[in-house]
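Peer 1: Got a structure for you, questions after.
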């Protein structure tokens, strides 16, 4: 199949990550339901009883394991491979919700799942091999090459324009403003997460990278980008319907991450035209599948029952709590109170 | 891109064919509407005024050109490449119907179109190269190899069981009986069409193949299979809703044709595992896109307005007229009165 050993590790980690994160929503949801049943108070109206529910904590742990797996995946395989596979966690939670929570999956939703899987297979088959990296300085050289500096510069200028010009004017009417800010900073988050992950991987292999200032610099970039990203994702989710924000965010974020990775890590160098086109088609198919899953989710549900299918949306909603701007309006789904765990939002939606 | 010159010819012919056939439905529909407007009698209630309408005849000619292009495509490229591309004519007519006939395309239908295109690109990139064939005897040797004789034998046995056992018992309750018969014989039709097309191609190149009895044998097989196939397709369409029959028929027919071609022409020999898996994924994606287009077609239409979106369905409905079993119930869409033109039903639906 032409898939390298390192890529295989990355794919397995990314799949495990999607499995854990997808399952974590279902486990937490079960925990919340049980807490509501025993206490009589729903988390959505201010109860904290779910903190006493072991099942909820099990879900929390499952999620942390998934996030860690995803973080490590970036150390082994290219971002053009790991990032689109994040869509598979949506499938896992949709399928588990169907069987465990009895939240019926629409027939077209099943078609969406099939497409996500078919598209992911095409992406995996054609993913480029990662060039072996031996030190954090090597990543630093890649990050400071003119083409990537141009990308960083464009991102910063665009983010500033969006934040200071468009945000006050049409941030609350045009969904692209806040999601654009998240996606642009998100692409830089993933690049710095990948740099940091590779440094830590090298450190664990015996080549200590923590002595170099570059490692700490990447750590600071991760923190800055992730905080900005989350802050504006919360704003987007507070302003617009999650069903609208999620597919747009997934599309923009994944596209920009692939673009950033292709520029910085030169993922497509040495690949045939056919392989690149196949990858792009695979990505379009995964994206279409994601849209189909999101759109059909509301087909057979009345607006009043929306709260019950929130398991699928919780990855985004959980971000509300992380930034502290959440008002527990949807606290039942807001299940991720700790900072680093929210990192993965970027892949999921 | 690794696409061979012969395959490129086949792809261009298949795309032209889909374009012509997709457009022909729209042109004929326009002709029928105009005929109804000038005469006051709709074809659906017994009028033949459309025969005086030049636009209808233009549509007819467009369709014949498309059918011929498709026939020639089989002479150049493998069936695993040409057959799935037939789905693109559905897109062409859906898009043209949207702009010219103002039959609004559902947003998920657009997604279906995007998927069909993405899947087709993946198929084209990974299509195997055809082994150069120098005489009809060579095809005869392929057709009489044990593996393919086993396939032919299985098809004949299955068809007999379906026709004589299941057809009288549950042919009118289970959609798989009639569509199964069509698809099984359809896979043999395509193989013999390909044999005949290659023979004629060789003849035109100066190597006369008409002197060999094999060529005439393949011609007889084409006639027998196509007539059987159409007869049962009519029965399927008379018994069940076209929106149900079409995707099932497309799925079964294309799968069996690919299977037959892989056995007879050994299309997958010498291909990498990754290429074969990509082809299968591409086919699944095209299939999903076709299903999505068909399912969403009825989303925004009331049952009473169904007649107006029949352009998309006419390729199947037109077959009614061919077999003579049509009662002009849907004569407005029944636009293909001549035999050989109906040949292409197999790719379209």
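Peer 1: Quick check: from the Cα gyration tensor, does the stretch A:221-275 come out rounded (a/c under 1.5), prolate or oblate?
Peer 2: Because a/c hits 1.5 or more and a/b fails to exceed b/c, the stretch A:221-275 counts as oblate.
Peer 1: Between residue A:48 and the same site in the other copies, what are the distances in nm, shortest first, taking label points 7 Å from Cα along the C-beta direction?
Peer 2: Nearest first, the other copies' label points are 8.6 nm away.
Peer 1: What ranking of B:125, A:161, B:90 emerges when the number of other C-beta atoms within 10 Å of each C-beta is taken as an exposure proxy, fewest first?
Peer 2: Neighbour counts put them in this order, fewest first: A:161, B:125, B:90.
Peer 1: I need A:285, A:222 ordered by Cβ neighbour count within 10 Å, fewest first.
Peer 2: A:222, A:285
Peer 1: Along Cα→Cβ at 7 Å, what distances in nm separate the residue B:223 label point from those on the other copies, shortest first?
Peer 2: In nanometres, ordered from closest: 8.4.
Peer 1: Something else: Sorted from shortest, what are the nm distances separating the label point of residue B:208 from equivalent points in the other copies, each placed 7 Å from Cα along Cα to C-beta?
Peer 2: From this label point to the equivalent ones elsewhere in the assembly: 8.9 nm.
Peer 1: Would you list B:29, A:207 from fewest to most Cβ contacts within 10 Å?
Peer 2: So the residues, fewest neighbours to most, are A:207, B:29.
Any read-out appearing in this document is the output of simple, stated calculations on the displayed coordinates, not a laboratory observation. Since the structure is predicted, the reported quantities are computational estimates derived from the model, not experimental observations. When we count neighbours, we look across all protein chains shown, and the Cβ atoms used for this are built from the backbone with ideal geometry, even at glycine.
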